1. Restricting segment 7-49 to residues that are β-branched (V, I, T) and either at pLDDT 65 or above or open to solvent by 80 Å² or more (accessible area, probe 1.4 Å) (or both), which is nearest to the chain's Cα centre (by Cα)?
2. Pairs, please: C-beta under 9 Å, at least 6 apart or cross-chain, first residue more than 17 Å from T159 (Cβ to Cβ) and in contact (Cβ under 8 Å) with a residue 60 or more places away in the chain and in segment 123-134, second among the aromatic types (F, W, Y) and open to solvent by 10 Å² or more (accessible area, probe 1.4 Å)?
3. In the set P215, P204, which member is closer than 19 Å to V137 by Cα and more than 21 Å from the chain's Cα centre (by Cα)?
4. Would it be correct to say that D257 is touching a residue at least 12 places away in the same chain (Cβ under 8 Å), surrounded by fewer than 21 Cβ atoms within 10 Å (Cβ to Cβ) and not in a helix (DSSP H, G or I)?
5. May I ask you to verify whether E298 is farther than 20 Å from T165 by Cα and out of contact with any helix residue (DSSP H, G or I) (no Cβ under 9 Å at 6 or more places or on another chain)?
6. Taking the conditions exactly as written (in a loop (DSSP other than H, G, I, E, B) and crowded, with 22+ Cβ neighbours inside 10 Å), does S264 satisfy them or not?
7. Determine whether F176 is aromatic (F, W, Y), open to solvent by less than 50 Å² (accessible area, probe 1.4 Å), over 15 Å from I222 (Cα atoms) and at pLDDT below 95.
8. Please specify each residue of segment 25-59 satisfying the condition of being hydroxyl-bearing (S, T, Y) and under 27 Å from V367 (Cα atoms).
Amino acid sequence: MRNKIILLIFLLSSAFFDGCTTTAWRAFVRRDASVKDYLYFPDREIAASESPKPFTREIDINIEEMLKKEFGTDDLDKFIAKTKTQAILVIKGNSILFEKYGKGYDEFSTVTSFSVAKSFDSAMIGTLIDSGKISGVDEPITTYLPELLERDERFSKITIRHLITMSSGILYSEGFFRHDDTKTYFNPDLRKLALTGTLIDEEPALHFLYNNYNPILLGLIIERASGQSVSSYLSRSIWSKIGTESDASWSLDSDEDAFEKMESGINARALDFAKFGCLYRDGGLFDGKVVISKKWIEESLSPGNGKNDSEYYKDPFGQKIFGGACNKGGFYGFHWYVMKRPDAESDFFAYGNKGQFIYISPLANTVIVRFGEKYGIEGWNYIEAFYNLNTNIGAEK
């Protein structure tokens, strides 16, 4: 109890002098991100398709047996309960082969994205380039955010490519309270934070550093290039065009600033998240119509800075990407993780805190989604399991 009182005094006093009382108070009350944060933050609607297209169900009992083997369990229901899994789906083509939900959840339940949202950020940049509203990823960010130049002219060297590949060179610290993880999650004015609180640490493109300022700056670019809110643009450009069955939402930093939490906070049904995965699996097509260009999909899934070595991925998280699950190697593309396959197209996935995944395998023509209240097991164990599962499904062709 004494430690909690000391922590509270520290938080509130530091917040007073730093001028960020709301951030500090949110951090103290919430402590950690939660899958129920969509009930805590204000949000903005993302309208669904006017012509929804449900998946068909062709349940394959072999998939459950494969998953049992990969997760090392004799009882998948107990595994789902133990790991606090909300939903796990395996979709091949347009059919659901496997579908299970944790206690208290079903196909209509809302789940949240955490950093899976970053892959949506990437998709929106692609559609803005496709439509000519952004000239390309090598455009300086100061074209859209000129006020950054007033603080540091070196911002002119940072391009959209650098933001979308986590190689901007912007300073970032991880940890609780006064660190950037907490600021970028709880700050009630993310626009101001990104435009006035970012500092340059090194030249861009030297190293990979997972940094939540990058997607926030991308959000500002999306907002200014599209002339509308990020949520509205996502709905009009993608969400309403891929047969989604339900409206989604995007959590906002506050009612006053009303800016999307670009590093996280998309909230939707697991089945609709899967449709976004199918869009990328199918080269940007839905029902034969182009939603995102194949060129953008391919560019998104290549080494964003042409680099793929241990000197580029210096931090432990980046080393995992480079070393890769299953010892196959991999890299970070345009807000997508890519896992190489021998003699086949690479697998790739969106990955969020607590073990949220949209995992895509062109080899097996599948999309696997897993959402949960917590990881339950080490995150890379899911990746290895999904990789191996898709190897087996692909071998059945």
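1. Applying the filter and picking the extreme gives V35.
2. T127/Y233
3. So the residue among P215, P204 that is closer than 19 Å to V137 by Cα and more than 21 Å from the chain's Cα centre (by Cα) is P204.
4. yes
5. No: the conditions fail for E298.
6. yes
7. no
8. Answer for segment 25-59, where residues must be hydroxyl-bearing (S, T, Y) and under 27 Å from V367 (Cα atoms): S34, Y38, S49, S51, T56.
The values are calculated or read from the model by the stated rules, or taken from the named source; none is laboratory data. Owing to the predicted nature of the structure, the values given are computational and were not obtained by experimental measurement. A quick note on method: Cβ atoms are made from the backbone with ideal geometry, for glycine too, and the neighbour counts reach across all protein chains shown. Surface areas here come from the heavy atoms of the whole protein model, side chains and all, with no ligands, DNA or RNA. Shrake-Rupley method; radii C 1.70, N 1.55, O 1.52, S 1.80 Å.
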